[in-house]
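Visitor: One structure is given below, represented as structure tokens, and several questions about it will come after.
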Amino acid sequence: MIFWKELDQPYFALAPMEDVTDTVFREVVLSTFHESPLKILFTEFTNVDGLCHPVGREKVSHRLMVNASERKLLQEKGVKLVAQIWGNNPEKFYQATKMLTEEYQFDGIDINMGCPVKKVVKSKCCSALIQYPELAKEIVKATQEATHLPVSVKTRIGFNHIQTEEWISHLLEVNPAAITIHGRIQKQLSDGEANWEEIAKAVQLNSGIPIIGNGDVISVADGMQKVNETGVNGLMVGRGIFNNPWMFAENQDIDTTQRLQLIRKHIQLFESTWRKTKNPNILKRFFKIYINGFTGASTLRNSLMTASGYEDFYSTLDDFSIRNK
Ligand SMILES: Cc1cc2nc3c(=O)[nH]c(=O)nc-3n(C[C@H](O)[C@H](O)[C@H](O)COP(=O)(O)O)c2cc1C
């Protein structure tokens with residue numbers, strides 16, 4: 001099933017974000033709603049060379065982890081989970097995709113042709129593939145050959161200059177299941193405003209392949225306005241979720257108790273999932289997204305930022321709750 005075409009449109013996707021959209025954060029976001037326009041989640045990007053190597057695979061496999069509790073919510077809420085992969089060797093894409101199809105339960109495979117980071121660009125991966133359209137197409141074809149799952153691409157509007165129509169037309173030749181377009185060129189990284197006029201140009205190519213717009217979407221209403229302006233089939237939200245983790249919830253009126261409950265849930269899930277493998281300090285980047293907009297928020301945030309380890313996090317939250325009863 002090519003869910004990209006069959007889901008009710010327009011739909012929302014939560015962007016793949018390294019060190020953010022692991023199974024824990026995805027479950028936290030899923031737990032904020034019953035019914036929502038959010039229909040697609042992505043893993044963090046995972047390197048195909050790593051996946052094809054026995055030692056490398058062990059190192060990268062945490063990126064593909066899906067807790068049973070997340071799996072249950074995905075099923076209950078009808079949300080799809082897509083594994084995102086990156087590299088530059090079509091044979092490795094083939095092998096990695098075969099393995100992902102046979103040994104995991106993802107709903108789709110997405111190829112990263114958008115990451116602008118120097119190190120990956122230097123090794124001719126991700127956004128660098130915009131400069132090598134023939135190789136990019138070979139990669140899509142090798143990935144498609146390895147799986148019955150829909151193979152999509154996430155990319156940008158150009159490398160060092162805007163080249164939306166030319167680049168997207170190349171990709172369309174190999175019939176990806178969907179294309180997500182981040183409305184910036186590689187050179188911009190995440191700076192400046194996303195260019196939705198360019199995203200609209202990709203829609204106007206009228207290929208019948210879903211185009212998902214990405215860049216600076218800050219709310220569902222903002223996304224819907226962008227749908228009306230550009231005709232995209234779906235929206236992808238990245239950093240917007242940091243401003244409001246309840247972005248996809250039915251009820252946007254979130255009180256202090258709910259904020260404290262969600263942060264506690266995040267910490268507990270993180271601890272039970274990653275206790276032995278990840279540093280609890282990683283959680284600190286999330287604290288500010290839950291702890292704001294209520295009396296005492298900045299003091300609590302500061303206390304959590306200087307706390308060390310799970311027990312300290314829990315006791316800081318307990319102290320705050322007792323003092324503010
Ligand atoms: C912390 C962080 C990690 C990211 N990791 C990935 C990634 O693994 N794969 C990917 O395709 N894009 C990644 N991105 C880019 C986002 O998916 C998205 O394209 C970008 O942030 C623009 O959308 P936004 O303006 O809604 O944030 C990352 C972005 C951020 C902020």
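The values are calculated or read from the model by the stated rules, or taken from the named source; none is laboratory data. Note that the structure is predicted; figures quoted are calculated from it, not measured. No Cβ is skipped: glycine too gets one built from the backbone with ideal geometry, and neighbour counts run over all protein chains shown.
Visitor: Taking the stretch 228-270 as the search range and keeping residues that are part of a loop (DSSP other than H, G, I, E, B) and among the acidic types (Asp, Glu), which one is farthest from the chain's Cα centre (by Cα)? Give the derivation first.
Guide: So the first thing to find is which residues in the stretch 228-270 are part of a loop (DSSP other than H, G, I, E, B), and the list is 231-233, 238-239, 244-255.
Next cut, among the acidic types (Asp, Glu) only: 250, 253, 255.
Numbers: Glu250: 21, Asp253: 25, Asp255: 27 Å.
Filtering first and then ranking leaves Asp255.
Visitor: In the stretch 119-136, how many are in a helix (DSSP H, G or I) and among the basic types (Lys, Arg)?
Guide: 2
Visitor: Go over the candidates Met247, Met224 one by one and state the one that is within 30 Å of Ala297 (Cβ to Cβ), of a type in the set (A, V, I, L, M) and more than 14 Å from the ligand (Cβ to nearest atom). Explain how you work it out, then say what you get.
Guide: On the way: Met247 fails: more than 14 Å from the ligand (Cβ to nearest atom).
From the options Met247, Met224, the qualifying one is Met224.
Let's see how each residue does on (1) acidic (Asp, Glu); (2) surrounded by 15 or more Cβ atoms within 10 Å (Cβ to Cβ):
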{"position": "Leu189", "(1), (2)": "no, no"}
{"position": "Gln204", "(1), (2)": "no, no"}
{"position": "Gly208", "(1), (2)": "no, no"}
{"position": "Asp216", "(1), (2)": "yes, yes"}
{"position": "Ile241", "(1), (2)": "no, yes"}
{"position": "Thr256", "(1), (2)": "no, yes"}
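Visitor: Go over the candidates Ile139, Ile157 one by one and state the one that is assigned to a helix (DSSP H, G or I), surrounded by 24 or more Cβ atoms within 10 Å (Cβ to Cβ) and in contact (Cβ under 8 Å) with a residue 12 or more places away in the chain.
Guide: Ile139
For (1) over 22 Å from Lys284 (Cβ atoms); (2) within 14 Å of the ligand (Cβ to nearest atom); (3) in the same structural domain as Gly114 (by TED's automatic domain parsing), each residue gets a yes or a no:
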site: Met17; (1), (2), (3): no, yes, yes
site: Thr23; (1), (2), (3): no, no, yes
site: Glu35; (1), (2), (3): yes, no, yes
site: Asp49; (1), (2), (3): yes, no, yes
site: Cys52; (1), (2), (3): yes, no, yes
site: Val60; (1), (2), (3): yes, yes, yes
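Visitor: Can you find a residue that is within 24 Å of the chain's Cα centre (by Cα), surrounded by 15 or more Cβ atoms within 10 Å (Cβ to Cβ), more than 15 Å from the ligand (Cβ to nearest atom) and within 28 Å of Ala13 (Cβ to Cβ) anywhere in the stretch 292-312? Step through it out loud before you land on a result.
Guide: Of all residues in the stretch 292-312, those within 24 Å of the chain's Cα centre (by Cα) come to 292.
Next cut, surrounded by 15 or more Cβ atoms within 10 Å (Cβ to Cβ) only: none.
Scanning the stretch 292-312, I find no residue that is within 24 Å of the chain's Cα centre (by Cα), surrounded by 15 or more Cβ atoms within 10 Å (Cβ to Cβ), more than 15 Å from the ligand (Cβ to nearest atom) and within 28 Å of Ala13 (Cβ to Cβ), so the answer is no.
Visitor: Residues of the stretch 156-170 being touching a Pro at 6+ places or on another chain (Cβ under 8 Å) and either under 17 Å from Gly215 (Cα atoms) or of a type in the set (A, V, I, L, M) (or both), which ones? Break it down into steps so the answer makes sense when it comes.
Guide: Narrowing the stretch 156-170 to residues touching a Pro at 6+ places or on another chain (Cβ under 8 Å): 156, 167, 170.
The answer is Arg156, and nothing else.
Visitor: Now for a different question. Tell me which residues, restricted to the stretch 119-139, are within 15 Å of the ligand (Cβ to nearest atom) and closer than 16 Å to Ile209 by Cβ.
Guide: Ala136
Visitor: A further question follows. So, of the residues in the stretch 99-118 that are within 16 Å of the ligand (Cβ to nearest atom) and assigned to a helix (DSSP H, G or I), which turns out to be nearest to Ala178 (Cα to Cα)?
Guide: Leu100
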